[in-house]
Every structure is written in C-alpha cells, then in structure tokens.
Amino acid sequence: MTDQNSPTLEPVKNIVLVGKTGNGKSATGNTLLGDKQFISKKQAGGVTMKCKMLRAATQDGPIINVIDTPGLFDLAVSADVLSKEIINCLSMAEEGIHAVLFVLSTKSRISQEEESTLNTLQRIFECKILDYFIVVFTGGDELEDEGQTLDDYLLDSCPEFLTRVLRLCGQRKVLFDNKTKDKDKKATQLKQLLDHMADVEKQTGGKPYTDNMHSKIKEENDKLREQEREIESKNLAEAESKVMQEKLKLEHEKNMKIMAETVENALKQTAAAHGKEMRLIQDALKQNVAAHEREMRQVEDALKQNAIAHEREMRQMKEEFQQNQQRQQVEDVLKHNAAHEKNIRQMTEEFNRQQAQQLRLAQQQFQQHQQNQMPPSLFPKLGPVECNIM
C-alpha cells in the first residue's frame, strides 16, 4: 500500500467506484487494493457516507487511486451532502478520472435505483462519462456455486437500460468474487479490470475524464496551495500566518461551496426529473390499468351477452328439438295407426274372403246333399208336347 499523498513518478490511475449502497463498492475497492482498507460491513442505511481515496501499487502495472463514494441517489443521502462529496471526489481525482466502476450485485435484482444512479452521473458529468465506464458485477461466489457464468446471468437478468449501458461502454464488464481467498483468482480479476482500463485508455486517446467542474476545482486547489506557499515563504509571525491561512481556507471553502451548490442544483433537477418521470410512469400505469379494467369489463359484458345469446339459442334449439321430437312422435303414431288400419282391412278382407269361400263350399255341399237325398221321380219323364192349334 502506498500513501495517497506521497509524490510518485509512476503513472497513477484514478478509479472511482459508484453504485447503489449495498452492491459491494467498498468490498470491490478492497479487492483492488489487496487489503481491507474500506469499511464494507453491512449496516442499515449503508456504510460509506464520505468519499475516501486509497492508493495501491499493482504488480507490473500503474499505481491506482481507488475512490469509494456514497451511494448516488441513495435515499439515505441528501442532495446537499452528496453534492459536497462529489466535489470532494473530484478534488481527490483532480488530474482526471481514468475509469468509473459501475458496481452492481448479482445477489439482488437490478432496480430503478441503478438507472437513477446512471442518470445522475450523466446529468453531472455528461454522457462522455460512459466512455470511462466499466461495469463490475459482485457476487461471483454465488454464481460459481450455481454453476453460472456472467453471460448466463445477463441472459436471464439484463434490463433494457443495462443492455444500453453495456453497449455504450463497449461491453466492458467483469465479475468479481470479493470473498475469495484464492490469490490466482484475485490476480485474474484484477488483470481483467486492468485490461478493460487499457481499453478505456485506448478508446479515449489516453486522456482522463475532465470537465469544467474538474478544471475549476483543480484551479481552486492550485490557487490555495500557491497562496499557502507564499504565506510560508514570508516567514510571518505565527499568529499572522494563522489568520491569513484561515482567510484562505474560508475563501477556498466559499468557492468550493459555490461549486457544490451547482452540483446540488443538478442533483435536485435530476431528482425532480426522476420524480416527474416516475409520476408519468405511474400515471401511464394507472391509465393502462384503467384501460385494461375497462377492456376487461367490455370483455365480461361481451361474454355475458354471448352467454345470454347462447342460452337463448340453446333454449330455442331445445324447444325446436322437443317440437321436432313431438312431431316425429305424432308422425310415428299416425304411421303406426295407418299400418294398423291397413292390417285390419287386410285381415277383414281375408276374413270375408274366407267366409265367402266357406259359404260357397257349404252351399255346394248342401246342394249335393239334397241331390243325394231326393226320391226317384213319380212322374215319367215327359217329352216335348206338341200342340196344334186350329
């Protein structure tokens, strides 16, 4: 570990950690430093309320200044406090920011708060800050236990805004296991991050991120240091020197406060815009819900009408069926009666025919019987009589 204030001729890279409280920014900082320097114990409301910078020398690489920040857009941090800490952060990295590590956790769902963090950064530092973005996912231990890779995780849990961020920052992403004791794994993680930083440097032409605010802060800090050197060079009495230094300090604090107020206004505008956006989303959701409920009522009404029409149609079909069934029954009875009458006629005709036949037969038998029973004739058979009339 190297003292962050000690001069060095080695190249220094300023790395800023941002993200929602609880995502593991401090633990990631400790992994980068190779030592537990940042407090990362979980507490209600988070831990890091003030920006803190620590320096470490990497093996065969640059010296890195790791700046841990309070949770941007965190409900526990007011815009006033946050704006001062952002100025403090920029003061620590007054030579510029070489990389912004956007820390997310695989242990929790990516929320609206992460998107708010991104919007805040863009509002304060403009969209150019995305050129320096590297997305760090913590919780590599859990993914490894589940047999998942980072790509597997993103395939299942990547909202639209994160897809956009990864696209804008050139897909620079790395998975960190901040709990591992494996030195080789730690070295591999750090190498992947440094490779991404080298890519950032290549894409940005080796220029760290700076803006007007950065320039003003550096100018103000340089001015304070120069004035302090002038006071020291005058060999003034201790009391007089103390008074002048106090005046310089007050003037410096006043100027820094003005810059902090500028940042605070930007934060408030972002918060207001976010609140307005959320209200618009809520209104849109309410309208969608109302439209959905209205549509559902229409569907229910249509279903009821269809059910009534279907029931009416079924009744009509049932009545028609019953009528057809009754008509068929009547036709069947009529057909049966007609067939019965036909049978009766046929039977009557057959009976009459048989009776007539039996009667003829009886008559023939009777005549035959009479002929057989008649005595011989008492009168001779007379021939024809001829009568002559005179």
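Here are a few things to note about the model shown:
- A count restricted to segment 183-233 and to residues that are more than 35 Å from the chain's Cα centre (by Cα), of a type in the set (S, T, N, Q) and loosely packed, with under 14 Cβ neighbours inside 10 Å stands at 3.
- Only one entry of L303, L267 meets the criterion of being surrounded by 10 or more Cβ atoms within 10 Å (Cβ to Cβ), touching a Leu at 6+ places or on another chain (Cβ under 9 Å) and part of a helix (DSSP H, G or I), and that entry is L267.
- In segment 142-169, the residues that are small (G, A, S) and under 16 Å from V103 (Cα atoms): S157
- Look at segment 185-208: where a residue is more than 16 Å from I97 (Cα to Cα) and a partner is surrounded by 17 or more Cβ atoms within 10 Å (Cβ to Cβ) and aliphatic (A, V, I, L, M), sitting 6+ places away or on another chain with Cβ atoms under 7 Å, you get Q189/V174; L190/L32; Q192/V174.
- Filter pass, E160 being under 30 Å from N265 (Cα atoms) and either crowded, with 19+ Cβ neighbours inside 10 Å or of a type in the set (D, E) (or both): yes
- A search for C-beta distances below 8 Å between a residue of segment 1-23 that is under 12 Å from N65 (Cα atoms) and modelled with pLDDT of 50 or more and any residue that is acidic (D, E) and surrounded by fewer than 23 Cβ atoms within 10 Å (Cβ to Cβ), counting only pairs 6+ apart in sequence or on different chains, returns V12/E95; N14/E95.
- Annotation note: Cβ proximity below 6 Å between a residue of segment 255-266 that is more than 20 Å from K223 (Cβ to Cβ) and a residue that is part of a helix (DSSP H, G or I) and among the hydroxyl-bearing types (S, T, Y) (sequence gap 6+ or interchain) occurs for E264/S83.
- Checking each residue of segment 92-104 against the condition of being under 22 Å from G275 (Cβ atoms) and touching a helix residue (DSSP H, G or I) at 6+ places or on another chain (Cβ under 6 Å) gives no match.
- Checked across segment 274-297, the condition of being closer than 30 Å to S215 by Cβ and either surrounded by 10 or more Cβ atoms within 10 Å (Cβ to Cβ) or touching a Lys or Arg at 6+ places or on another chain (Cβ under 7 Å) (or both) holds for at least one residue.
The values are calculated or read from the model by the stated rules, or taken from the named source; none is laboratory data. Quick caveat, the model's predicted, so the values are computed rather than measured. Positions of Cβ are backbone-derived with ideal geometry, glycine not excepted, and every protein chain shown enters the neighbour counts.
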